[in-house]
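None of the figures in this text is laboratory data; all of them are computed from the coordinates on show. Since the model is a prediction, treat every value here as computed from it, not as a measurement. Every residue, glycine among them, receives a Cβ derived from its backbone with ideal geometry; neighbour counts consider all protein chains shown.
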Amino acid sequence: MHLNTLPRDWDVVIAGAGVAGAVIAYRLACRGLRVLLAEKAAWPRNKACGGCLNAATLRALDHAGLGEVRQLGRPYAQLALASGQRRATLPLPEGRALSRRRLDDWLVRQAMQAGVVFLDSTQVVLRPADTQSGCRRVLLRQRQVQCTVSARLVIGGDGLGSRLLREDAPDELHVADGSRIGVGTTLDEAPAFYTSGRIHMACAAPGYVGLVRVESNRLNIGAALDPDWIKRCGGPVEAVKGVLRQVGFPSWGALDEADWHGTPQLTRRRTRLGSERVLILGDAAGYVEPFTGEGMGWAVAGAAALEPLALEAVFAWRPALVERWTARHARVIRARQRGCQGVAAALRRPRLLQATLPWLDAVPASVAPLTAWLNRDYPCNRREAQ
Ligand SMILES: Cc1cc2nc3c(=O)[nH]c(=O)nc-3n(C[C@H](O)[C@H](O)[C@H](O)COP(=O)(O)OP(=O)(O)OC[C@H]3O[C@@H](n4cnc5c(N)ncnc54)[C@H](O)[C@@H]3O)c2cc1C
């Protein structure tokens with residue numbers, strides 16, 4: 001749809017068509033709301049990510065009515081973990097691996113089938129708040145054209161680099177010291193060493209690199225690395241190769257030619273998840289290092305937790321909804337992020353990991369309580385009060 005012919009009044013405008021934005025758009029359209037989903041990148045887009053939908057995330061997608069996505073992904077059920085020259089192969093509850101280009105495009109298509117209007121190459125910018133108007137005005141900016149529309153609610157699913165609230169709440173975003181940076185790509189060709197059905201994870205002092213086969217047997221690579229290491233290596237490709245080399249994993253020529261994507265610093269927290277008629281979701285609401293591969297689960301479960309509040313906000317906005325959403329998000333998502341942060345912090349001590357790996361390799365079942373805990377149901381699956 002062209003901006004000139006676009007309706008000017010919406011129930012909900014959503015900034016960002018990643019997992020968070022696409023899933024909440026789908027859910028709210030299913031509830032009969034008029035939803036505009038705007039994505040600043042040309043679509044479909046790539047994104048630095050490990051591409052793993054773990055068992056808990058798949059169940060959260062089932063709950064959202066989007067569980068069919070599992071058929072697009074390649075199953076995996078093992079983690080092949082390496083640090084120094086030590087290795088362990090560990091069982092995982094079955095997950096599915098899928099490139100983000102394919103996953104996010106599928107989710108957006110489901111949202112469109114449910115009635116969402118989708119615009120790509122369109123940046124959302126908030127206009128100043130006017131508490132009397134009963135709506136929030138937003139500027140939709142494309143390369144040549146722009147227009148202003150009104151929404152009863154704006155949802156920020158604008159990811160790690162979120163800038164939606166930069167005028168409303170510039171001081172509420174905190175980035176952790178020593179935070180790593182994400183890089184990733186998806187490749188057509190890769191050595192047979194990287195077998196299907198398992199996540200290959202190379203851990204070293206400057207960060208970790210995860211490699212997994214996705215649809216069409218392509219290889220997805222997602223890494224979290226120290227910014228200093230990337231600088232010292234002269235760029236992300238050499239930094240990834242350096243980590244692979246440290247654990248004896250093969251690297252190959254196609255890595256140099258690949259289309260790499262990066263992220264800002266990963267570990268960040270927002271103290272208040274919204275402002276006047278705006279609520280924030282997904283990575284934009286706060287994120288930690290991705291070692292346990294749960295970020296998409298947080299985005300999907302976050303959308304389920306936000307859905308009833310978003311409906312309330314559309315029909316009767318009250319500023320207290322921002323505090324209620326911030327508190328609910330802390331219960332449903334922040335609590336799980338702290339667990340992931342603990343695991344990631346332990347992995348920052350390679351000697352500890354190297355001492356543990358032979359023991360884990362000898363008794364792989366010993367990891368079951370941890371993986372079961374990481375894959376425990378989100379509240380949306382437990383149908384309990386959120
Ligand atoms: C290296 C790495 C590996 C990871 N591995 C995994 C994994 O294996 N499993 C897992 O579950 N999670 C993983 N994650 C986490 C996962 O990628 C994120 O948690 C997930 O993408 C969050 O989705 P989102 O929708 O919040 O943000 P995003 O997917 O980043 O989407 C945000 C979108 O908003 C758009 N946007 C930004 N600003 C605007 C604007 N003003 N207007 C319109 N659009 C805008 C952006 O272009 C982008 O498309 C990993 C992350 C990294 C960095």
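Points to keep in mind about this one:
- Residues whose amide H comes within less than 5 Å of that of ILE14, counting only those at least five positions distant or on another chain, are LEU36, LEU37, ALA38, ILE155 (H built at 1.01 Å from N in the peptide plane).
- Near the amide H of SER121, within less than 5 Å, lie the amide hydrogens of GLU39, ALA41, ALA42, TRP43, all on another chain or at least 5 residues away, with H placed in the peptide plane.
- Working note: Karplus 6.51/-1.76/1.60 with θ = phi - 60° gives segment 290-295 the couplings x, 3, 7, x, 10, x Hz, where Gly and Pro are set to x.
- With K and R counted +1 and D and E -1, the other residues having a Cβ less than 11 Å from that of THR89 yield a net charge of +1.
- Net charge in the neighbourhood of ASN54 (other residues with Cβ under 10 Å of its Cβ; Lys, Arg +1, Asp, Glu -1) is 0.
- Distance from segment 196-239 to segment 242-269 (C-alpha centre basis), Å: 4 Å
- Taking every DSSP beta bridge that has both ends in the chain, the antiparallel portion is near 70%.
- Most to least packed among 209-221, 284-296, 366-378, 236-248 [average Cβ atoms within 10 Å]: 284-296, 209-221, 236-248, 366-378
- Computed from backbone phi with θ = phi - 60° and the Karplus coefficients 6.51, -1.76 and 1.60, the 3J(HN,Hα) list for segment 339-355 is x, 4, 4, x, 4, 4, 5, 4, 6, 6, 10, x, 5, 4, 4, 5, 5 Hz; x is used for glycine and proline.
- The chain, relative contact order in percent, only Cα pairs under 8 angstrom and at least six apart counted: 23 percent
- As a proxy for reagent exposure, CYS380, CYS30 were ordered by neighbouring Cβ count within 10 angstrom, fewest first; the result is CYS30, CYS380.
- In a simple Cβ point-charge model (Lys, Arg +1; Asp, Glu -1; nothing else charged), segment 143-249 has a dipole of about 360 debye relative to its Cα centre.
- Mean-position separation - Cα centroids, segment 42-79 and segment 146-174, in angstrom: 26 Å
- Residue (of PRO290, ALA365, PRO319) at the positive-pole extreme of segment 253-386, dipole from beta-carbon charges: PRO319
- Principal-axis tilt of helix 100-113 within the chain, Cα atoms, nearest 10 degrees: 30 degrees
- The calculated 222 nm mean residue ellipticity attributable to helices in the chain amounts to -10000 deg cm²/dmol, summing -39500 (n - 2.57) over DSSP H runs of n ≥ 4 and dividing by all residues.
- Dipole magnitude (debye, nearest 20) for the chain, charges at Cβ of Lys, Arg, Asp, Glu: 460 debye
- Amide proton proximity set for LEU79, modelled H, under 5 Å, gap of 5+: LEU90, LEU92, ILE199
- In degrees, nearest ten, helix 19-30 long axis to first principal axis of the chain (Cα): 40 degrees
- Calculated from backbone phi, Karplus (6.51, -1.76, 1.60) coupling profile of segment 119-126 in Hz, x at Gly/Pro: 10, 9, 6, 10, 8, 9, 10, 6
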